[in-house]
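Asks: Pasting a structure below so you can have a look.
Bear in mind that the values in this text are calculations on the coordinates, not laboratory data. Quantities reported herein were computed from a predicted structural model and do not represent experimental measurements. We place every Cβ from the backbone using ideal geometry, glycine too, and count neighbours over all the protein chains shown.
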Amino acid sequence: MNMQIQRFTFNMIEENTYLLWDDSREAAIVDCGAFFPEEQRALQDFIAARGLRVRRSLLTHAHFDHLFGCQFLYDSYGVRPEMHAAEATNYACTAEQVAMFIHRHLPVPVPPAGEAFADGTILNFGHTALRVIHTPGHTPGGVCFDNEDGAVLLSGDTLFRRSVGRTDLPGGSPSDLLHSIREQLLALPDAVTVLPGHGDATTIGEERAENSYLTY
């Protein structure tokens, strides 16, 4: 399989966008936050330079900073964003989210949503398979993705290095978030690399030992 991952940090919220591909040259993009034209060009140039074929646009959740680039992906590669069914309301309210978070009225076009997935859904591209792990708490339909060899977890805004996702936004739940992390994510092996939606990478083992938000 030989999955490769490239992280891009985009937009005014410094969101992490992940480009995944394997030796088939088929690719998926997780949480495309490319807002500015230069960010979109950087992503497009990276894809073109490696001859990649974008097959999927995947969302860990539908907050605006994670989907700024979804229209760009749809226009450029014809892929519709796929998300958990419980994120439909967030996805439909992108402009309202922007106004609430950054107090600006910005045009945020979004394409029609693709197929909804659920906990346990397997998402394939090329020779790669990603598993959906439903982790509500930051949002009702928040998810993480792990790969078939169990080496990497894309955690969105559920789990960060030494921190966790905020729960004071519409649909957030502190109890749901901690339950998701403790029951779903801390059940994974310590060696799993965690790639969050903001900030630096970590591991399950580091968070189990050092994340003060997860103490019982």
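Asks: Restricting to the chain, what percent of DSSP beta bridges are antiparallel, rounded to 5? The partial results should precede the final answer.
Replies: Details: 26 of 39 bridges.
Antiparallel bridges make up about 65 percent of those DSSP assigns within the chain.
Asks: When each pair of different Cα atoms in the chain is counted once in the 1/r mean, what is the Kirkwood radius in angstroms, to one decimal? Mind showing how you got there, number by number?
Replies: On the way: mean 1/r = 0.0584 Å⁻¹.
It works out to 17.1 Å.
Asks: Let me ask something else. Rounded, prolate or oblate, given the Cα gyration tensor of segment 127-216, with a/c below 1.5 counting as rounded?
Replies: Numbers: a/c = 1.75, a/b = 1.24, b/c = 1.40.
The shape class here is oblate.
Asks: Please state the shape class of segment 1-103: rounded when a/c is under 1.5, otherwise prolate if a/b exceeds b/c and oblate if not, all from the C-alpha gyration tensor. Walk me through the intermediate numbers first.
Replies: Details: a/c = 2.12, a/b = 1.58, b/c = 1.34.
Because a/c hits 1.5 or more and a/b exceeds b/c, segment 1-103 counts as prolate.
Asks: Under the rule a/c < 1.5 gives rounded, and otherwise a/b versus b/c splits prolate from oblate, where does segment 59-184 land using the Cα gyration tensor?
Replies: Numbers: a/c = 1.96, a/b = 1.10, b/c = 1.78.
Oblate is the answer for segment 59-184, as a/c is 1.5 or above yet b/c matches or exceeds a/b.
Asks: Also: Give me the dipole magnitude in Debye, nearest 20, for segment 4-214 about the Cα centre, with unit charges on the beta carbon: positive for Lys and Arg, negative for Asp and Glu.
Replies: The dipole magnitude comes to about 280 debye.
Asks: With a 10 Å cut-off between alpha carbons and a GNM built on the chain, which of Ala116, Ala62, Ala86 moves the most?
Replies: Ala116
Asks: Right, next: Of the peptides 98-107, 52-61, 157-166, how do they stack up when ordered by the mean number of other Cβ atoms within 10 Å, highest first?
Replies: Details: 98-107: 11.7, 52-61: 23.4, 157-166: 21.8.
Sorting 98-107, 52-61, 157-166 by mean packing, highest first, produces 52-61, 157-166, 98-107.
Asks: Let me ask something else. Once the piece of chain linking Ser212 and Ala95 is laid out straight, how much longer is it, given 0.36 nm per residue of separation minus the C-alpha distance between them?
Replies: 38.7 nm
Asks: Right, here's the next one. Distance from the Cα centre of segment 146-176 to that of segment 94-118, in angstrom?
Replies: 20 Å
Asks: Oh, and also: Put +1 on the Cβ of every Lys and Arg and -1 on every Asp and Glu Cβ in the chain; which of Gly51, Ala85, Phe125 then has its Cα farthest towards the positive end of the dipole?
Replies: Among Gly51, Ala85, Phe125, the one farthest towards the positive end of the dipole of the chain is Gly51.
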